[in-house]
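What follows is one structure encoded as structure tokens, with my remarks underneath.
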Amino acid sequence: MSLSDSEWGVLRREIIPPFEKANNCKIETMQIEAGDLPQMLEAMSSAKRMELDLFAQDNMNLAQLVDRGLVEDLSRYKKDIPKEVQKNLIGVGIFENILYFMPYRPNVQIVYYNKDAFEKYNLKPPKNWDELLAAAKIFKEKEKVGRVLLKACGSGPTVTQLYEFIVSAGGDPFSFNDPGCIKTFEFLQKLWPYVSRDSLKAKWNTSNDYIARESVYLMQNWPFGINIINKKYKKKNIATYSGFAGPAREAHVIGGEVLGIPRGSKNIKLALVFIKYLQSKEVQEKFVRELSWPSIRTDIIVPLHFESVKNALKHGIFRKHVSYWADFDRYMNEAFVRIVIKGEPVKETLNFYAKQMDQVKKR
Amino acid sequence: MQNKWIKLKKDSWKFFFLLPLLLYLAIFTLVPVIRSILMSFEGGNNYAWLFSHFRFRESLVNTILITIFALLFEFLFALAIALFISGGGRRRIIQALILIPLGIPTIVVASNMRYLFDTNGFINTILTRLGVVGIPIDWLGGGALTLFSVVISDMWKVTPLMMLILLAGIERIPKELFEAAAIDGVGFWQRLRYIILPLLKPFITMALIIRGIDTFRIFELPLALAGESFPVLSSFAFFEYRNYNNPHTAAAASTVLFVLILIAIFIYLKLVGLPNEETT
């Protein structure tokens, strides 16, 4: 799993000990970054010494694990998934009709905004791209610095944001140059002069600080930020909502983690019991209460601020599982830098990357 | 010939004791370096791709600029501090204080420097409150300002190392030379030019080579300070391998870095000479 210290604290204090006691076992936990897991499993598998029995992996990084044959087929345990688990969250773990991963923690980005700043300039939280651009322009005009935060740091945060924008514009992100892609990059190029320069450093973990310290007034992030903004910074003037729609629709990438059992694990049975435990109402309630994680279950009563999460999940989309995600990630990031940051022509640049992507697909 | 053989036989136990270290170096340094170079030639023309890629070119330029400016400023500051604290009784206390940054992990230095250089960080707060600037300066958004921020951060951490080496060199200069210069009425700048710098040359060479190699490999500081908006060669190689699963281009970028370091050492040694040449 890849969790923050505070998240590990809750898991180690409140989730794992009751399970260990009930099953008379000892669970050793390890922090493994999503990008490192495939290499680690491959090394253990080649050495025929699988030391992991269960892992939680970011749902953007699953295809590699399946392609390299590193995970157990869990299809026969599909019937054990509680009926209260949202059905649309199971699909992300299925590859060519085989269930490899079990749902346990969905995630979706919501928009955070500074109520005081919006009220000061008589603005409403933007519901579409035009309103977003208008708000960004007003903040820049009044305060001389951009107050809308984009994720322009590169890698996963930038690609996830672009994916949402493109689908919201009715495009297919993998095409690179369909009308939706072109509309998205044209819009972002227009928006860029009015966004905060902190966007270049804004990752999922650093963005919360920017809005809490009021260097920006609007940003998009995962719901874990609610905890940090409320508890660490004790801010009461930051509100959330599901987000803004593009020209075609409102769309939010469903992220989060799923559970998998490495091929070669020696404790499959116990791992399956632990999966069931993590999917239980009791544990999912603790995730919501203690960590502000959205729940996979429909029978959990959520706090008020979770309405925005629920609404965002209604517009949730899963990214396509493709084996060439790494190449897609690279080209999206490069296109963003060249078009949005450096101001290169939209169509020509996107055509260049569309060709690159075609070559990768053929390979 | 026979004498040489006898001497070699007599010294063989020394080689025996050196063997574990040599084996360690061969297995954990030499083999990976060679493997990495070989990998860089596999899977297509990685070098042509690298040099046609705008991110790589940016990384290359940033790395070279950081190295040049960091070495220059670190050397000047280290020399000034070393000259200031050499000889006097204040030396030990100041030396101990100045060495503190060396003990702080680079990533911690980078995090602290972010508090200084962030748009709502310490420097911008002071500058805006004093009315020096109207809007916060974007120190870490890429370009020359970010280069400056990275160089300053690097200087803060590693100038003490260079200072220590130079101080050791200054302490080795015979006192009689300074006494004779004082009798002749030689001023500070002349002493610096005709006595200190020439006799310090081997130490300067050593300091610049050690720091030069280290600065070329700079990684955590620019990454933690400015993220991907200010790439350097090692972070470029890291992202190629980790984010894009491309070990061959990562190896090629690392090889370019390796060659760059070799070239820099070669040029410097050609210009200045080997450290031993001065002392023997």
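The values are calculated or read from the model by the stated rules, or taken from the named source; none is laboratory data. Note that the structure is a prediction, hence the values are computed from the model and not measured. Cβ placement follows ideal geometry from the backbone for every residue including glycine, while neighbour counts extend to all protein chains displayed. Note: areas computed on protein heavy atoms with side chains; ligands, DNA, RNA excluded. Shrake-Rupley method; radii C 1.70, N 1.55, O 1.52, S 1.80 Å.
Between A:ARG263 and A:VAL71, A:GLU72, the built amide H atoms are under 5 Å apart, and every one of these is 5 or more places off in sequence or on another chain. Using a probe of 1.4 Å, the accessible surface attributed to A:ARG319 totals some 20 Å² when neighbouring protein chains are kept in position. The mean sequence separation of alpha-carbon pairs under 8 Å and at least six residues apart, normalised by the residue count of the stretch B:118-266, gives a relative contact order of 20 percent. Straight-distance candidates among the lysines for linking to A:LYS48, with alpha-carbon spacing under 16 Å and chain neighbours fewer than 8 residues away dropped: A:LYS266.
Comparing mean-square fluctuations of B:TRP139, B:TRP189, B:TRP13 from a GNM of chain B with C-alpha springs under 10 Å, the top value falls on B:TRP13. Annotation: amide H of A:PHE95 within the under-5 Å range of A:TYR100, sequence separation 5 or more or interchain, hydrogens built in the peptide plane.
The GNM of chain B, with springs linking C-alpha atoms under 10 angstrom apart, assigns the highest mean-square fluctuation among B:PHE239, B:PHE77, B:PHE266 to B:PHE266. Sorting B:THR128, B:THR159, A:THR298 on solvent-accessible area from highest to lowest, probe radius 1.4 Å, gives A:THR298, B:THR128, B:THR159. Provide the FRET efficiency to the nearest 0.05 for the B:PHE84-B:LYS7 pair, computing r from the beta carbons and using R0 = 60 Å. Computed FRET efficiency for B:PHE84 and B:LYS7 comes out at 0.80. Applying 1/(1 + (r/R0)^6) with R0 = 41 Å to the Cβ-Cβ distance of B:ILE37 and B:LEU102 gives a FRET efficiency near 0.80.
The heavy atoms of A:CYS25 present about 30 square angstrom of accessible area, all protein chains included, probe 1.4 Å.
Contact order for chain B, expressed relative to its length and based on alpha carbon pairs under 8 Å spaced 6+ residues apart, stands at 29 percent.
Modelled label positions at B:PHE51 and A:ASP5, each set 7 Å beyond Cα in the direction of Cβ, lie 4.7 nm from each other.
The figure for B:LEU192 is an accessible area of roughly 20 square angstrom, using a 1.4 Å probe on the protein chains alone. A full extension of the chain between B:ALA144 and B:ILE27 corresponds to an added length of 38.1 nm, given 0.36 nm per residue minus the alpha carbon distance.
As a length-normalised measure over Cα pairs under 8 Å and 6 or more apart, the relative contact order of chain A settles at 27 percent.
Cross-link reach is defined here as a Cα-Cα straight distance under 20 Å, omitting same-chain residues fewer than 8 places apart; for A:LYS142 the aspartates and glutamates meeting it are A:ASP116, A:GLU119, A:ASP130, A:GLU131, A:ASP198, A:GLU214, B:ASP138.
Loop-located trypsin sites (Lys or Arg not before Pro) in the stretch B:114-197 (DSSP state not H, G, I, E or B) with no more than 10 neighbouring Cβ atoms inside 10 Å do not occur. Can you list residues whose amide H is under 5 Å from A:ILE254's amide H, if they're 5+ apart or on another chain and H is modeled 1.01 Å from N? Sorted by chain and number, the residues that satisfy this are A:ILE317, A:PHE318, A:ARG319. In sequence order, the stretch B:175-187 has phi-based couplings of 4, 4, 4, 5, 5, 4, 5, 5, 4, 7, x, 6, x Hz under the Karplus curve 6.51 cos²θ - 1.76 cosθ + 1.60, θ = phi - 60°, and Gly or Pro positions carry x.
Of the solvent-accessible surface of chain B, computed with a 1.4 Å probe and all protein chains present, 71% belongs to carbon and sulfur. The phi-based Karplus calculation (6.51 cos²θ - 1.76 cosθ + 1.60; θ = phi - 60°) puts the 3J(HN,Hα) values of the stretch A:333-346 at 4, 5, 4, 4, 4, 5, 7, 7, 7, 8, x, 6, x, 5 Hz, whole numbers, x for Gly and Pro. For the cross-link pairs A:LYS183/A:LYS347; A:LYS314/A:LYS361; A:LYS140/A:LYS201; A:LYS87/A:LYS276, the ones whose C-alpha atoms lie over 21 Å apart are A:LYS314/A:LYS361. GNM remark for chain A: springs join alpha carbons under 10 Å apart, and the peak mean-square fluctuation among A:PHE19, A:PHE139, A:PHE174 falls on A:PHE19.
For A:LYS320, the aspartates and glutamates whose Cα falls under 14 Å of its own Cα, not counting residues fewer than eight places away in the same chain, are A:ASP58, A:GLU96, A:GLU164, A:ASP172, A:ASP329. Taking θ as phi - 60° and the Karplus parameters 6.51, -1.76 and 1.60, the scalar couplings of the stretch A:172-177 work out to 10, x, 6, 6, 6, 10 Hz in sequence order, x denoting glycine and proline.
Modelled this way, with points 7 Å down the Cα-to-C-beta line, the labels at A:ARG363 and A:LYS281 are 5.1 nm from one another.
Once A and B are treated as a pair rather than alone, how much accessible area drops out, both sides summed, in Å² to 100, probe 1.4 Å?
Buried area (both sides, nearest 100 Å²): 2200 Å².
Suppose accessible area is computed on protein heavy atoms with a 1.4 Å probe; arrange B:HIS53, A:HIS321 from highest to lowest.
A:HIS321, B:HIS53
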